[in-house]
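First up is the structure itself, then whatever we jot down about it.
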Amino acid sequence: MKTTNFKLVFGSFLILFFICSCKNGTKTENTVKPVVSETKTETVKKGQAFIEDDGSTANVLQIAIGSPDHTTLVAAVQAAELENALVNAGPLMVFAPTNEAFDALPEGTVEGLLKPENKGDLAHILKHHVTPGNYSKDFLKNFKKLGQASDKNAMVEVKGDDVYVGGAKIIASIPAGNGIVHVVDKVILPPSE
């Protein structure tokens, strides 16, 4: 009888303990509370490109953003609003012209393309620097041409150990979480009709 009473009293205390701990413990809510802004004049950018993620391998856009040699390319991508396209799962090969490559264009070209009214032309040129796949520089030696995201082809040329895509020499290659970035020494312009 004493054992039964003890079990009953002990069981009651356990139940009381669990009930109290549920009521008095810290609450963890898994709900998302909307953020309300009273006056906001800046445009909120949406999409995968604007999600912060410190734990995964950098994607092709993050590599460009982190490179001091690609600030003009990043500015162009932002002006053309192509950030989300460069963070897709891919795989993507991005042929990334350096700042010097953009500087080699005729004077005023970059400034003109960055104007809002030229956004479509800028996007077309930038898409000509992207192709599906994740191929090393050496593997690209097996190609004669690449189908670019601009719906145009870029010719591949091999000169010794050097590989040229659309006339631009690959000077470095950086693996990315969603493909590869091939740094090039020239802006690859789509062929005219």
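What nm value, rounded to one decimal, do you get for the distance between THR57 and ALA89 when each label is placed 7 Å out toward the C-beta?
For the pair THR57/ALA89, the computed spacing is 1.6 nm.
In nanometres, what is the gap between the two model label sites at LYS141 and THR71, each 7 Å from Cα along Cα-to-Cβ?
Inter-label distance under the simple model: 3.7 nm.
What is the distance in Å between the Cα centroid of the range 119-147 and that of the range 148-193?
Comparing the Cα centres of the range 119-147 and the range 148-193, I get a distance of 6 Å.
With no solvent and one point per C-alpha, what does the Debye sum give as log10 I(q)/I(0) for the range 76-193 at q = 0.15, 0.19 Å⁻¹?
Normalising to I(0) and taking log10 leaves -0.64, -1.03.
Strictly over 21 Å apart at the Cα level, which of LYS115/LYS152; LYS127/LYS186; LYS159/LYS186; LYS137/LYS159; LYS144/LYS186 would you flag in this model?
LYS115/LYS152
Please compute the length gained on full extension between ILE171 and LEU189, using 0.36 nm multiplied by the number of residues separating them and subtracting their Cα-Cα distance.
4.7 nm
For the ranges 145-155, 99-109, 116-126, what's the packing order if you count other beta-carbon atoms within 10 Å of each residue, average per peptide, and put the highest first?
145-155, 116-126, 99-109
Using a 10 Å cut-off on Cβ atoms, rank the peptides 58-68, 157-167 from the highest mean neighbour count down.
Descending mean neighbour count gives 58-68, 157-167.
Values in this text are rule-based calculations from the coordinates and carry no lab data. Worth saying up front: this structure is predicted, and the values here are computed from it rather than measured. Positions of Cβ are generated from backbone atoms using ideal geometry, with glycine treated the same way; all protein chains shown enter the neighbour counts.
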